[in-house]
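Participant: Here it is, the structure, as C-alpha coordinates.
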Amino acid sequence: MDETASYPPIEPSNFDLIVVGTGLPEAILAAAASAAGKSVLHLDPNPSYGSHYASLPLQEFTSYIESQSSDSSPISRPDTDSGYTRVGIATRPMYSSVEITSYSAEPLEQSRKFNIDLSGPRVLMCADAMIDLILKSEVNQYMEFKGIDGSFISDGEGNLENVPDSRSAIFKDRKLSFTEKNQLMRFFKLVQGHLEAAAGGGGGEQSSESRSISEQDLESPFSEFLSKMGLSPKLKSIVLYAIAMADYDQENRDVGKSVLKTKDGINRLALYHSSVGRFPNAPGAMIYPIYGQGELPQAFCRRAAVKGCIYVLRMPVNSLLMDKASGSCKGVCLASEQELFSHKLILAPSFAVQSPFPHSSPDTRDFRLRNTTEKLARSICISKHSLKLDVANCLIFFPPRSLFPEQVAAIHVLQLSSNVAVCPSGMFLTYLSAICEDDDQGKKLLHAAINVLFQAPVSGSSANNNSAENQSETGDARPALLWSVLYTQELAKQFQDVLDNIICTPMPDGSPYYHDLLGATEKIFQELYSGEEFFPKSTSSEEGAGQELED
(Lines give C-alpha, C1' and ligand atoms only; values in the text may rest on other atoms or scores of the structure.)
Protein backbone atom coordinates (compact mmCIF):
# COMPACT_ATOMS: atom_id res chain seq x y z
CA MET A 1 0.00 0.00 0.00
CA ASP A 2 1.30 3.47 -0.94
CA GLU A 3 2.10 5.22 2.34
CA THR A 4 1.05 8.59 0.83
CA ALA A 5 -2.54 7.33 0.67
CA SER A 6 -2.62 7.05 4.47
CA TYR A 7 -1.78 10.74 4.99
CA PRO A 8 -4.62 12.79 6.42
CA PRO A 9 -5.56 15.83 4.32
CA ILE A 10 -3.37 18.87 4.86
CA GLU A 11 -5.23 21.77 6.37
CA PRO A 12 -5.56 24.52 5.36
CA SER A 13 -5.37 23.96 1.60
CA ASN A 14 -4.38 27.54 0.69
CA PHE A 15 -0.93 29.03 1.43
CA ASP A 16 1.03 32.16 0.66
CA LEU A 17 3.99 29.98 -0.40
CA ILE A 18 4.53 26.30 -1.20
CA VAL A 19 8.13 25.02 -1.14
CA VAL A 20 9.06 21.63 -2.61
CA GLY A 21 12.41 20.24 -1.39
CA THR A 22 14.21 20.84 1.91
CA GLY A 23 17.67 21.77 0.63
CA LEU A 24 19.45 24.71 2.23
CA PRO A 25 18.11 27.44 -0.12
CA GLU A 26 14.56 26.09 0.23
CA ALA A 27 14.91 25.82 4.03
CA ILE A 28 16.22 29.39 4.33
CA LEU A 29 13.42 30.72 2.10
CA ALA A 30 10.76 28.85 4.08
CA ALA A 31 12.16 30.24 7.34
CA ALA A 32 12.46 33.77 5.93
CA ALA A 33 8.90 33.74 4.56
CA SER A 34 7.55 32.33 7.84
CA ALA A 35 9.43 35.02 9.79
CA ALA A 36 7.80 37.62 7.52
CA GLY A 37 4.37 36.35 8.53
CA LYS A 38 3.59 34.28 5.42
CA SER A 39 1.74 30.98 5.57
CA VAL A 40 4.15 28.34 4.22
CA LEU A 41 3.78 24.67 3.30
CA HIS A 42 7.10 22.80 2.98
CA LEU A 43 7.05 19.44 1.19
CA ASP A 44 9.73 16.85 0.44
CA PRO A 45 9.39 13.43 -1.22
CA ASN A 46 12.40 12.18 0.78
CA PRO A 47 12.18 10.67 4.30
CA SER A 48 14.70 13.16 5.72
CA TYR A 49 15.60 16.85 5.46
CA GLY A 50 18.31 18.37 3.30
CA SER A 51 17.80 17.16 -0.31
CA HIS A 52 21.10 17.91 -2.12
CA TYR A 53 22.49 19.54 1.04
CA ALA A 54 21.83 16.59 3.36
CA SER A 55 24.28 14.58 5.49
CA LEU A 56 23.54 10.87 5.19
CA PRO A 57 24.81 7.50 6.48
CA LEU A 58 27.18 5.80 4.05
CA GLN A 59 24.73 3.35 2.46
CA GLU A 60 21.96 5.96 2.25
CA PHE A 61 24.43 8.38 0.65
CA THR A 62 25.34 5.96 -2.15
CA SER A 63 21.67 5.05 -2.66
CA TYR A 64 20.75 8.73 -2.93
CA ILE A 65 23.33 9.73 -5.55
CA GLU A 66 22.56 6.61 -7.59
CA SER A 67 18.82 7.33 -7.44
CA GLN A 68 19.49 10.92 -8.56
CA SER A 69 21.55 9.74 -11.55
CA SER A 70 18.61 8.94 -13.82
CA ASP A 71 15.43 10.61 -15.04
CA SER A 72 12.03 9.76 -13.63
CA SER A 73 8.98 9.94 -15.85
CA PRO A 74 6.08 12.15 -14.79
CA ILE A 75 2.90 10.41 -13.74
CA SER A 76 0.02 11.19 -16.07
CA ARG A 77 -2.92 12.70 -14.20
CA PRO A 78 -6.35 13.64 -15.56
CA ASP A 79 -7.30 17.31 -15.45
CA THR A 80 -9.55 18.43 -12.64
CA ASP A 81 -13.13 19.57 -12.98
CA SER A 82 -12.25 22.85 -11.27
CA GLY A 83 -10.69 24.57 -14.27
CA TYR A 84 -7.06 23.49 -13.75
CA THR A 85 -4.70 21.62 -16.08
CA ARG A 86 -2.40 19.14 -14.35
CA VAL A 87 1.14 19.49 -15.69
CA GLY A 88 3.34 16.54 -14.77
CA ILE A 89 6.45 16.97 -12.64
CA ALA A 90 9.44 14.61 -12.65
CA THR A 91 13.05 14.52 -11.42
CA ARG A 92 16.03 15.02 -13.67
CA PRO A 93 19.50 13.52 -13.09
CA MET A 94 21.78 15.76 -10.99
CA TYR A 95 24.66 13.28 -10.64
CA SER A 96 26.46 11.18 -13.22
CA SER A 97 29.40 8.83 -13.73
CA VAL A 98 29.22 7.40 -10.19
CA GLU A 99 32.31 5.30 -9.43
CA ILE A 100 32.45 3.44 -6.08
CA THR A 101 35.53 1.50 -4.93
CA SER A 102 35.60 -0.55 -1.72
CA TYR A 103 38.86 -1.94 -0.34
CA SER A 104 37.41 -2.92 3.03
CA ALA A 105 34.05 -4.01 4.40
CA GLU A 106 34.61 -2.01 7.59
CA PRO A 107 33.09 1.33 6.46
CA LEU A 108 29.90 -0.34 5.20
CA GLU A 109 29.65 -2.37 8.42
CA GLN A 110 29.57 0.94 10.31
CA SER A 111 27.44 2.79 7.78
CA ARG A 112 25.12 4.36 10.39
CA LYS A 113 28.08 6.02 12.13
CA PHE A 114 28.80 8.21 9.08
CA ASN A 115 27.23 11.58 8.31
CA ILE A 116 28.36 12.25 4.74
CA ASP A 117 27.71 15.65 3.17
CA LEU A 118 26.24 15.70 -0.31
CA SER A 119 27.57 19.27 -0.70
CA GLY A 120 31.12 18.73 0.64
CA PRO A 121 33.83 19.94 0.84
CA ARG A 122 32.30 22.92 2.62
CA VAL A 123 33.01 24.92 5.78
CA LEU A 124 31.76 28.18 7.29
CA MET A 125 33.92 31.30 7.44
CA CYS A 126 33.53 32.82 10.90
CA ALA A 127 32.85 36.32 9.51
CA ASP A 128 30.76 35.21 6.52
CA ALA A 129 27.23 36.43 5.88
CA MET A 130 25.96 32.89 6.57
CA ILE A 131 27.24 33.05 10.15
CA ASP A 132 25.62 36.46 10.54
CA LEU A 133 22.34 34.99 9.30
CA ILE A 134 22.65 31.99 11.63
CA LEU A 135 23.00 34.39 14.56
CA LYS A 136 20.33 36.81 13.36
CA SER A 137 17.75 34.07 12.77
CA GLU A 138 18.79 32.28 15.97
CA VAL A 139 19.10 28.89 14.28
CA ASN A 140 22.41 28.55 16.13
CA GLN A 141 20.41 27.29 19.12
CA TYR A 142 19.80 24.09 17.11
CA MET A 143 23.45 23.54 16.13
CA GLU A 144 26.97 23.09 17.48
CA PHE A 145 30.22 23.93 15.70
CA LYS A 146 33.89 23.05 15.92
CA GLY A 147 36.90 24.93 14.57
CA ILE A 148 38.91 23.72 11.57
CA ASP A 149 42.48 23.08 12.73
CA GLY A 150 44.25 24.62 9.77
CA SER A 151 44.67 25.12 6.02
CA PHE A 152 47.42 23.68 3.84
CA ILE A 153 48.54 24.03 0.25
CA SER A 154 49.96 21.08 -1.70
CA ASP A 155 52.87 21.16 -4.12
CA GLY A 156 51.40 18.20 -5.98
CA GLU A 157 54.02 15.78 -4.65
CA GLY A 158 52.47 15.03 -1.26
CA ASN A 159 54.05 17.91 0.66
CA LEU A 160 51.53 20.02 2.60
CA GLU A 161 52.59 23.48 3.71
CA ASN A 162 50.74 25.76 6.14
CA VAL A 163 48.69 28.65 4.82
CA PRO A 164 49.97 31.68 6.80
CA ASP A 165 46.71 33.51 7.45
CA SER A 166 47.79 35.94 10.17
CA ARG A 167 50.88 37.88 11.31
CA SER A 168 51.67 35.35 14.02
CA ALA A 169 51.30 32.48 11.52
CA ILE A 170 53.72 34.24 9.15
CA PHE A 171 56.33 34.65 11.87
CA LYS A 172 55.97 31.03 13.03
CA ASP A 173 56.11 29.51 9.54
CA ARG A 174 59.48 27.79 9.15
CA LYS A 175 58.93 27.05 5.46
CA LEU A 176 58.89 30.75 4.52
CA SER A 177 62.19 32.50 3.95
CA PHE A 178 62.93 35.79 5.68
CA THR A 179 62.36 37.60 2.37
CA GLU A 180 59.00 35.90 1.81
CA LYS A 181 57.87 36.79 5.32
CA ASN A 182 58.68 40.45 4.68
CA GLN A 183 56.93 40.37 1.31
CA LEU A 184 53.78 38.87 2.80
CA MET A 185 53.77 41.21 5.81
CA ARG A 186 54.12 44.28 3.57
CA PHE A 187 51.33 43.06 1.33
CA PHE A 188 48.92 42.37 4.22
CA LYS A 189 49.78 45.78 5.67
CA LEU A 190 48.97 47.43 2.33
CA VAL A 191 45.61 45.63 2.14
CA GLN A 192 44.78 46.59 5.73
CA GLY A 193 45.61 50.22 4.99
CA HIS A 194 43.38 50.19 1.92
CA LEU A 195 40.47 48.73 3.89
CA GLU A 196 40.91 51.33 6.66
CA ALA A 197 40.99 54.13 4.09
CA ALA A 198 37.87 52.74 2.41
CA ALA A 199 36.09 52.46 5.76
CA GLY A 200 36.97 56.09 6.49
CA GLY A 201 35.38 57.19 3.25
CA GLY A 202 38.65 58.27 1.69
CA GLY A 203 38.29 61.82 2.94
CA GLY A 204 40.92 63.94 4.64
CA GLU A 205 44.63 63.34 4.88
CA GLN A 206 45.65 59.69 4.80
CA SER A 207 48.53 58.25 6.77
CA SER A 208 51.13 56.06 5.13
CA GLU A 209 49.50 53.05 6.77
CA SER A 210 46.02 53.75 5.36
CA ARG A 211 46.50 54.61 1.71
CA SER A 212 43.92 53.46 -0.81
CA ILE A 213 44.86 51.23 -3.72
CA SER A 214 44.28 53.04 -6.99
CA GLU A 215 41.11 52.39 -8.97
CA GLN A 216 43.22 51.22 -11.89
CA ASP A 217 44.88 48.59 -9.72
CA LEU A 218 41.55 47.53 -8.21
CA GLU A 219 40.17 46.79 -11.69
CA SER A 220 43.29 44.91 -12.78
CA PRO A 221 43.69 41.10 -12.49
CA PHE A 222 44.61 40.16 -8.93
CA SER A 223 47.51 38.00 -10.09
CA GLU A 224 49.07 41.01 -11.87
CA PHE A 225 48.64 43.15 -8.76
CA LEU A 226 50.35 40.50 -6.62
CA SER A 227 53.28 40.46 -9.04
CA LYS A 228 53.41 44.25 -8.92
CA MET A 229 53.63 44.01 -5.13
CA GLY A 230 56.67 41.78 -5.46
CA LEU A 231 55.21 38.53 -4.12
CA SER A 232 57.07 35.36 -5.05
CA PRO A 233 55.29 32.68 -7.15
CA LYS A 234 54.85 30.58 -4.00
CA LEU A 235 53.21 33.44 -2.08
CA LYS A 236 51.04 34.35 -5.07
CA SER A 237 49.75 30.77 -5.18
CA ILE A 238 48.93 30.84 -1.46
CA VAL A 239 47.05 34.15 -1.70
CA LEU A 240 45.21 33.35 -4.95
CA TYR A 241 44.07 29.80 -4.29
CA ALA A 242 44.18 29.15 -0.51
CA ILE A 243 42.95 32.54 0.77
CA ALA A 244 41.17 34.30 -2.11
CA MET A 245 39.82 30.93 -3.37
CA ALA A 246 40.23 31.50 -7.11
CA ASP A 247 38.75 28.54 -9.00
CA TYR A 248 40.82 28.75 -12.18
CA ASP A 249 44.41 29.35 -13.26
CA GLN A 250 44.90 33.10 -12.85
CA GLU A 251 48.27 33.16 -14.62
CA ASN A 252 47.13 31.65 -17.91
CA ARG A 253 44.87 34.00 -19.88
CA ASP A 254 44.46 31.37 -22.61
CA VAL A 255 42.26 29.33 -20.27
CA GLY A 256 39.50 31.88 -20.86
CA LYS A 257 37.86 31.28 -17.48
CA SER A 258 36.91 33.80 -14.80
CA VAL A 259 39.69 36.21 -13.88
CA LEU A 260 39.68 37.46 -10.29
CA LYS A 261 39.91 41.24 -10.09
CA THR A 262 42.04 42.90 -7.43
CA LYS A 263 39.02 44.49 -5.71
CA ASP A 264 37.33 41.10 -5.40
CA GLY A 265 40.52 39.43 -4.23
CA ILE A 266 41.00 42.08 -1.53
CA ASN A 267 37.40 41.61 -0.37
CA ARG A 268 38.04 37.88 -0.03
CA LEU A 269 41.22 38.54 1.92
CA ALA A 270 39.31 40.91 4.20
CA LEU A 271 36.67 38.24 4.86
CA TYR A 272 39.33 35.65 5.62
CA HIS A 273 41.30 37.83 8.02
CA SER A 274 38.22 39.13 9.82
CA SER A 275 37.20 35.49 10.34
CA VAL A 276 40.43 34.58 12.14
CA GLY A 277 39.76 34.58 15.88
CA ARG A 278 36.20 35.91 15.71
CA PHE A 279 35.07 33.22 18.19
CA PRO A 280 37.30 32.34 21.18
CA ASN A 281 36.73 28.60 20.87
CA ALA A 282 37.57 28.65 17.14
CA PRO A 283 40.86 30.55 16.80
CA GLY A 284 41.12 29.90 13.06
CA ALA A 285 39.08 31.34 10.20
CA MET A 286 36.68 28.43 9.71
CA ILE A 287 34.22 26.28 11.60
CA TYR A 288 32.25 23.13 10.77
CA PRO A 289 28.83 21.95 12.04
CA ILE A 290 29.00 18.92 14.31
CA TYR A 291 27.08 16.04 12.64
CA GLY A 292 27.64 17.53 9.19
CA GLN A 293 26.48 20.31 6.88
CA GLY A 294 23.04 18.68 6.75
CA GLU A 295 22.40 20.23 10.16
CA LEU A 296 22.05 23.65 8.47
CA PRO A 297 18.88 22.98 6.42
CA GLN A 298 17.42 21.06 9.37
CA ALA A 299 18.04 24.02 11.67
CA PHE A 300 16.37 26.49 9.29
CA CYS A 301 13.44 24.08 8.87
CA ARG A 302 13.03 23.92 12.65
CA ARG A 303 13.08 27.72 12.78
CA ALA A 304 10.43 27.87 10.07
CA ALA A 305 8.27 25.37 11.98
CA VAL A 306 8.47 27.54 15.11
CA LYS A 307 7.10 30.40 13.00
CA GLY A 308 4.18 28.31 11.76
CA CYS A 309 5.49 26.56 8.63
CA ILE A 310 3.82 23.18 8.00
CA TYR A 311 6.13 20.25 7.11
CA VAL A 312 5.25 17.03 5.28
CA LEU A 313 8.01 14.56 4.36
CA ARG A 314 7.66 11.44 2.16
CA MET A 315 5.10 13.28 0.07
CA PRO A 316 5.88 13.57 -3.66
CA VAL A 317 4.36 16.32 -5.76
CA ASN A 318 3.07 14.74 -8.97
CA SER A 319 1.87 17.76 -10.91
CA LEU A 320 1.30 21.49 -10.97
CA LEU A 321 -2.14 23.01 -11.20
CA MET A 322 -2.18 25.43 -14.13
CA ASP A 323 -5.09 27.80 -14.67
CA LYS A 324 -6.68 26.97 -18.03
CA ALA A 325 -7.63 30.57 -18.67
CA SER A 326 -4.50 32.49 -17.63
CA GLY A 327 -1.84 29.77 -17.83
CA SER A 328 -0.48 30.69 -14.39
CA CYS A 329 0.37 28.18 -11.69
CA LYS A 330 -2.22 27.98 -8.95
CA GLY A 331 -0.87 25.15 -6.81
CA VAL A 332 0.22 21.50 -6.71
CA CYS A 333 -1.31 18.05 -6.72
CA LEU A 334 0.25 15.59 -4.28
CA ALA A 335 0.78 11.85 -4.65
CA SER A 336 -2.13 11.51 -2.23
CA GLU A 337 -4.30 13.25 -4.88
CA GLN A 338 -4.92 16.24 -2.62
CA GLU A 339 -4.80 19.61 -4.36
CA LEU A 340 -3.13 22.51 -2.53
CA PHE A 341 -3.13 26.12 -3.65
CA SER A 342 -0.67 29.00 -3.62
CA HIS A 343 0.21 31.91 -5.90
CA LYS A 344 3.93 31.34 -5.28
CA LEU A 345 5.88 28.12 -5.69
CA ILE A 346 9.55 27.21 -5.05
CA LEU A 347 10.98 24.00 -6.51
CA ALA A 348 14.25 22.23 -5.67
CA PRO A 349 16.67 22.11 -8.64
CA SER A 350 16.17 18.43 -9.47
CA PHE A 351 12.53 18.91 -10.49
CA ALA A 352 11.53 19.25 -14.15
CA VAL A 353 8.06 20.29 -15.24
CA GLN A 354 6.83 18.76 -18.46
CA SER A 355 5.60 20.82 -21.40
CA PRO A 356 3.44 22.24 -22.65
CA PHE A 357 2.32 25.03 -20.35
CA PRO A 358 -1.02 26.55 -21.24
CA HIS A 359 -0.49 29.77 -23.21
CA SER A 360 3.29 29.37 -22.87
CA SER A 361 5.93 30.43 -25.35
CA PRO A 362 8.33 27.82 -26.79
CA ASP A 363 11.08 29.12 -24.48
CA THR A 364 9.09 28.24 -21.37
CA ARG A 365 7.70 24.85 -22.38
CA ASP A 366 10.53 22.90 -20.83
CA PHE A 367 10.80 24.14 -17.26
CA ARG A 368 14.31 23.21 -16.21
CA LEU A 369 16.99 24.96 -14.24
CA ARG A 370 19.51 26.69 -16.48
CA ASN A 371 22.74 24.73 -16.29
CA THR A 372 26.12 26.32 -16.80
CA THR A 373 28.59 24.72 -19.19
CA GLU A 374 30.56 23.62 -16.11
CA LYS A 375 30.13 20.62 -13.85
CA LEU A 376 31.47 19.81 -10.41
CA ALA A 377 33.54 16.68 -9.85
CA ARG A 378 33.24 15.36 -6.29
CA SER A 379 34.90 12.57 -4.38
CA ILE A 380 34.74 11.14 -0.86
CA CYS A 381 37.51 8.99 0.60
CA ILE A 382 37.58 7.03 3.87
CA SER A 383 40.85 6.12 5.58
CA LYS A 384 42.20 5.27 9.03
CA HIS A 385 44.99 7.84 9.14
CA SER A 386 45.16 11.61 8.83
CA LEU A 387 46.60 13.28 5.75
CA LYS A 388 48.64 15.45 8.12
CA LEU A 389 50.18 14.13 11.32
CA ASP A 390 48.36 15.30 14.47
CA VAL A 391 45.77 17.26 12.46
CA ALA A 392 42.15 16.13 12.75
CA ASN A 393 40.20 18.60 10.59
CA CYS A 394 41.78 20.66 7.82
CA LEU A 395 41.43 22.21 4.37
CA ILE A 396 43.91 21.44 1.60
CA PHE A 397 44.29 23.21 -1.74
CA PHE A 398 45.85 21.99 -4.99
CA PRO A 399 46.55 25.09 -7.12
CA PRO A 400 46.21 24.87 -10.91
CA ARG A 401 49.15 23.11 -12.61
CA SER A 402 50.32 21.63 -9.29
CA LEU A 403 49.37 18.09 -10.39
CA PHE A 404 49.90 18.17 -14.18
CA PRO A 405 50.44 20.92 -16.78
CA GLU A 406 46.88 20.79 -18.17
CA GLN A 407 45.26 21.29 -14.74
CA VAL A 408 43.34 24.56 -15.12
CA ALA A 409 41.13 24.31 -12.00
CA ALA A 410 42.04 24.39 -8.31
CA ILE A 411 41.08 21.34 -6.24
CA HIS A 412 39.57 21.78 -2.77
CA VAL A 413 40.03 19.10 -0.12
CA LEU A 414 38.46 18.88 3.36
CA GLN A 415 39.49 16.24 5.89
CA LEU A 416 37.21 15.59 8.86
CA SER A 417 37.57 13.30 11.87
CA SER A 418 35.29 11.65 14.37
CA ASN A 419 35.53 14.68 16.70
CA VAL A 420 32.90 16.40 14.51
CA ALA A 421 30.71 13.25 14.59
CA VAL A 422 30.81 12.50 10.86
CA CYS A 423 32.60 9.13 10.95
CA PRO A 424 33.45 6.29 13.37
CA SER A 425 36.27 6.77 15.85
CA GLY A 426 39.62 5.93 14.27
CA MET A 427 38.53 6.89 10.74
CA PHE A 428 38.83 10.02 8.63
CA LEU A 429 36.45 11.36 5.99
CA THR A 430 37.99 13.35 3.12
CA TYR A 431 36.05 15.38 0.52
CA LEU A 432 37.50 16.57 -2.79
CA SER A 433 35.95 18.78 -5.48
CA ALA A 434 36.95 20.59 -8.66
CA ILE A 435 35.07 22.45 -11.36
CA CYS A 436 35.31 20.69 -14.71
CA GLU A 437 33.90 20.71 -18.23
CA ASP A 438 32.88 17.04 -18.37
CA ASP A 439 33.00 13.76 -16.46
CA ASP A 440 36.33 12.64 -17.90
CA GLN A 441 38.14 15.88 -17.05
CA GLY A 442 36.66 15.88 -13.54
CA LYS A 443 37.76 12.32 -12.81
CA LYS A 444 41.24 13.00 -14.16
CA LEU A 445 41.57 15.94 -11.76
CA LEU A 446 40.35 14.09 -8.70
CA HIS A 447 42.17 10.83 -9.44
CA ALA A 448 45.42 12.82 -9.65
CA ALA A 449 44.78 14.43 -6.26
CA ILE A 450 43.70 11.14 -4.65
CA ASN A 451 46.86 9.41 -5.90
CA VAL A 452 48.96 12.11 -4.24
CA LEU A 453 47.07 12.00 -0.94
CA PHE A 454 46.28 8.27 -0.56
CA GLN A 455 47.59 4.85 -1.41
CA ALA A 456 45.47 1.94 -2.58
CA PRO A 457 46.00 -1.20 -0.47
CA VAL A 458 48.73 -3.51 -1.79
CA SER A 459 47.30 -6.36 -3.82
CA GLY A 460 46.81 -9.41 -1.66
CA SER A 461 46.85 -7.49 1.64
CA SER A 462 43.85 -6.77 3.82
CA ALA A 463 42.64 -3.21 3.75
CA ASN A 464 41.19 -3.74 7.21
CA ASN A 465 44.71 -3.98 8.58
CA ASN A 466 45.54 -0.40 7.63
CA SER A 467 48.28 0.00 10.18
CA ALA A 468 51.40 2.10 10.36
CA GLU A 469 53.38 -1.15 10.04
CA ASN A 470 51.83 -1.87 6.64
CA GLN A 471 52.60 1.66 5.50
CA SER A 472 56.22 1.40 6.63
CA GLU A 473 56.62 -1.89 4.73
CA THR A 474 55.81 -0.14 1.45
CA GLY A 475 57.79 2.97 2.41
CA ASP A 476 54.66 5.03 1.79
CA ALA A 477 53.50 7.54 4.40
CA ARG A 478 50.19 8.15 2.65
CA PRO A 479 47.09 6.77 4.40
CA ALA A 480 45.56 3.74 2.70
CA LEU A 481 42.06 3.97 1.28
CA LEU A 482 39.26 1.92 2.79
CA TRP A 483 36.50 3.19 0.50
CA SER A 484 35.99 5.92 -2.09
CA VAL A 485 33.41 7.34 -4.47
CA LEU A 486 33.81 9.71 -7.42
CA TYR A 487 30.92 11.33 -9.26
CA THR A 488 29.98 14.44 -11.18
CA GLN A 489 27.33 16.92 -10.07
CA GLU A 490 25.40 19.24 -12.35
CA LEU A 491 26.01 22.92 -11.66
CA ALA A 492 23.03 25.26 -11.88
CA LYS A 493 24.17 28.56 -10.41
CA GLN A 494 21.26 30.76 -11.50
CA PHE A 495 17.69 30.25 -10.48
CA GLN A 496 15.05 30.19 -13.22
CA ASP A 497 11.85 32.18 -13.06
CA VAL A 498 9.92 30.76 -16.03
CA LEU A 499 6.55 31.98 -14.81
CA ASP A 500 5.99 34.89 -12.47
CA ASN A 501 5.14 32.65 -9.54
CA ILE A 502 7.46 29.62 -9.99
CA ILE A 503 11.13 29.74 -8.99
CA CYS A 504 13.72 26.96 -9.00
CA THR A 505 16.59 27.08 -6.47
CA PRO A 506 20.29 26.42 -7.30
CA MET A 507 22.36 23.30 -6.73
CA PRO A 508 25.35 23.41 -4.33
CA ASP A 509 28.13 25.39 -6.01
CA GLY A 510 31.85 24.68 -6.16
CA SER A 511 32.83 27.09 -3.39
CA PRO A 512 33.92 25.70 -0.01
CA TYR A 513 31.96 28.56 1.59
CA TYR A 514 28.32 29.72 1.54
CA HIS A 515 28.67 33.36 0.49
CA ASP A 516 27.50 33.05 -3.14
CA LEU A 517 24.78 30.54 -2.31
CA LEU A 518 23.32 32.80 0.36
CA GLY A 519 23.41 35.77 -2.02
CA ALA A 520 21.44 33.81 -4.62
CA THR A 521 18.93 32.71 -1.97
CA GLU A 522 18.36 36.26 -0.72
CA LYS A 523 17.85 37.36 -4.33
CA ILE A 524 15.07 34.77 -4.67
CA PHE A 525 13.41 36.10 -1.50
CA GLN A 526 13.44 39.65 -2.90
CA GLU A 527 11.99 38.29 -6.14
CA LEU A 528 9.15 36.76 -4.14
CA TYR A 529 8.59 39.57 -1.64
CA SER A 530 10.09 42.76 -2.98
CA GLY A 531 10.76 45.35 -0.29
CA GLU A 532 10.28 42.99 2.67
CA GLU A 533 13.11 42.44 5.14
CA PHE A 534 15.06 39.21 4.83
CA PHE A 535 14.74 37.81 8.36
CA PRO A 536 13.61 40.71 10.56
CA LYS A 537 15.82 41.07 13.61
CA SER A 538 14.42 39.12 16.56
CA THR A 539 13.94 40.54 20.05
CA SER A 540 16.89 38.51 21.36
CA SER A 541 20.27 40.16 21.12
CA GLU A 542 22.78 38.93 18.56
CA GLU A 543 25.42 39.25 21.21
CA GLY A 544 23.78 36.55 23.26
CA ALA A 545 23.34 34.38 20.17
CA GLY A 546 27.01 34.81 19.36
CA GLN A 547 27.98 33.52 22.76
CA GLU A 548 25.77 30.50 22.17
CA LEU A 549 27.58 29.80 18.92
CA GLU A 550 30.94 29.94 20.66
CA ASP A 551 30.15 27.57 23.51
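The values are calculated or read from the model by the stated rules, or taken from the named source; none is laboratory data. Worth saying up front: this structure is predicted, and the values here are computed from it rather than measured. A quick note on method: Cβ atoms are made from the backbone with ideal geometry, for glycine too, and the neighbour counts reach across all protein chains shown. These accessible areas exclude ligands, DNA and RNA; they are computed on the full protein's heavy atoms, side chains included. Shrake-Rupley method; radii C 1.70, N 1.55, O 1.52, S 1.80 Å.
Participant: Taking 23 Å as the cut-off for C-alpha to C-alpha distance, list the pairs among LYS443/LYS523; LYS228/LYS388; LYS136/LYS307; LYS175/LYS384; LYS172/LYS384 that go past it.
Facilitator: Violating the 23 Å Cα-Cα cut-off are LYS443/LYS523; LYS228/LYS388; LYS175/LYS384; LYS172/LYS384.
Participant: Considering only protein heavy atoms, what per residue accessible area in square angstrom results for region 123-178 with a 1.4 angstrom probe? Could you put the intermediate results ahead of the total?
Facilitator: Details: 2510 Å² over 56 residues.
Per-residue accessible area for region 123-178 comes out at 45 Å².
Participant: Further, regarding this structure: Give the peptides 379-385, 212-218 in descending order of average Cβ contacts within 10 Å, highest first.
Facilitator: Most protected by this proxy first, the peptides run 379-385, 212-218.
Participant: If I take R0 = 22 Å and measure r between the Cβ atoms of ALA90 and TYR7 in this structure, what FRET efficiency does the formula 1/(1 + (r/R0)^6) give, to the nearest 0.05?
Facilitator: Using R0 = 22 Å, I get an efficiency of 0.55.
Participant: Where does each of 503-514, 242-253, 120-131 land if you order them by average Cβ count within 10 Å, highest first?
Facilitator: Values: 503-514: 23.9, 242-253: 20.1, 120-131: 22.2.
Descending mean neighbour count gives 503-514, 120-131, 242-253.
Participant: Could you check the spin-label model distance between GLU532 and ILE100? Points 7 Å from the Cα along Cα→Cβ, value in nm.
Facilitator: 4.2 nm
Participant: In region 88-211, carbon and sulfur make up what percent of the accessible area (probe 1.4 Å)?
Facilitator: Working: 2570 of 5770 Å².
Carbon and sulfur atoms account for 45 percent of the accessible area of region 88-211.
Participant: Order 39-50, 227-238, 174-185 from most to least packed using the mean count of other Cβ atoms within 10 Å.
Facilitator: By packing density, highest mean first, the sequence is 39-50, 227-238, 174-185.
Participant: OK, next. Work out the length of the dipole vector of region 17-168 about its Cα centre, built from +1 on the beta-carbon of each Lys and Arg and -1 on the beta-carbon of each Asp and Glu, and round it to the nearest 20 debye.
Facilitator: For region 17-168, the charge dipole is close to 600 debye.
Participant: Something else: With unit charges on the beta carbons (Lys and Arg positive, Asp and Glu negative) and the dipole taken about the Cα centre of region 1-61, which residue among ALA33, ASN46, ILE10 sits farthest to the positive side?
Facilitator: Working it through, the farthest residue towards the positive pole turns out to be ALA33.
Participant: Compute the length gained on full extension between ARG314 and ASP132: take 0.36 nm times their separation in residues and subtract their Cα-Cα distance, giving the result in nm to one decimal.
Facilitator: Numbers: separation 182, 0.36 × 182 = 65.52 nm, distance 3.19 nm.
Full extension of this stretch gives 62.3 nm more.
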